[in-house]
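Please read the structure below before turning to the comments.
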């Protein structure tokens, strides 16, 4: 695998760049601050830290949005982050809303992907309900690795006003989190979207984040061919091709919904 870690000087530069970006987006929109979902995971934890630095704790509102499949430890960690940062937050149970959707369309009951995506979209609706009410922007918590392979819910966790950490690979998210003082037990914890029971990111994607980051950096974002990437990283070509396929199939998630070309 390749080393994607930043130097200390680059960590400082990235930190300043992201906090300036958050402040600039809020100022440009003329809003009073930001709202973000807190999952207890490293992505939302880092984003919360950077948002509070950029805007002040009084201008950041966190939402902890547990579902039936949410782990108690993760929800506790989410609240801990808000409390440590002295930012306001609300806990809103989303499962009654999801249940109402399934009552309206019971054919989806038992389809864990469809129901899991519905949970993500319910969270997005609540983020915007609060943001609209308080005249704030919704901050995304997605990173570069997950965006590249489409590992997010379209119009769910992908429905935000901006992605402050969207240029960071997962390894760099963890490194910057440690740099800004996130406790190690949060920085190193296993990543999970918690869309269904016992789900983990790496198991669902079928590739570790270390391997994913390296393939993205050398092949998808970099110049190496499939064969050269496999040789460079010491992995099989099928793994590289799998990641390439995930990137290509998820293109629609990273672009504005298309319309037909304008006729003359």
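Please determine, by comparing only the residues of the stretch 45-67 that are part of a loop (DSSP other than H, G, I, E, B) and free of Cβ contacts under 8 Å to residues at least 40 places away in the same chain, which one is farthest from residue 123 (Cα to Cα). Only one residue tops the list, namely 56. When residues in the stretch 249-264 are screened for being farther than 18 Å from residue 166 by Cβ and touching a helix residue (DSSP H, G or I) at 6+ places or on another chain (Cβ under 9 Å), 1 of them pass.
For residue 212, the requirement of being closer than 28 Å to residue 58 by Cβ, in a helix (DSSP H, G or I) and either in contact with a helix residue (DSSP H, G or I) (Cβ under 9 Å, 6 or more places away or on another chain) or at pLDDT below 95 (or both) is not met.
Here is a yes/no grid of residues against (1) closer than 22 Å to residue 145 by Cα; (2) modelled with pLDDT of 95 or more; (3) under 21 Å from the mean Cα position of the chain (by Cα); (4) in a loop (DSSP other than H, G, I, E, B):
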| site | (1), (2), (3), (4) |
| --- | --- |
| 14 | yes, yes, yes, no |
| 19 | yes, yes, yes, no |
| 22 | yes, yes, yes, no |
| 25 | no, yes, yes, no |
| 31 | no, yes, no, yes |
| 77 | no, no, yes, no |
| 99 | no, yes, no, no |
| 113 | yes, no, yes, no |
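On the stretch given as the stretch 215-249, residues that are under 20 Å from the mean Cα position of the chain (by Cα), part of a loop (DSSP other than H, G, I, E, B) and free of Cβ contacts under 8 Å to residues at least 40 places away in the same chain total 0.
The values are calculated or read from the model by the stated rules, or taken from the named source; none is laboratory data. Computed from a predicted structure; not experimentally measured. A quick note on method: Cβ atoms are made from the backbone with ideal geometry, for glycine too, and the neighbour counts reach across all protein chains shown.
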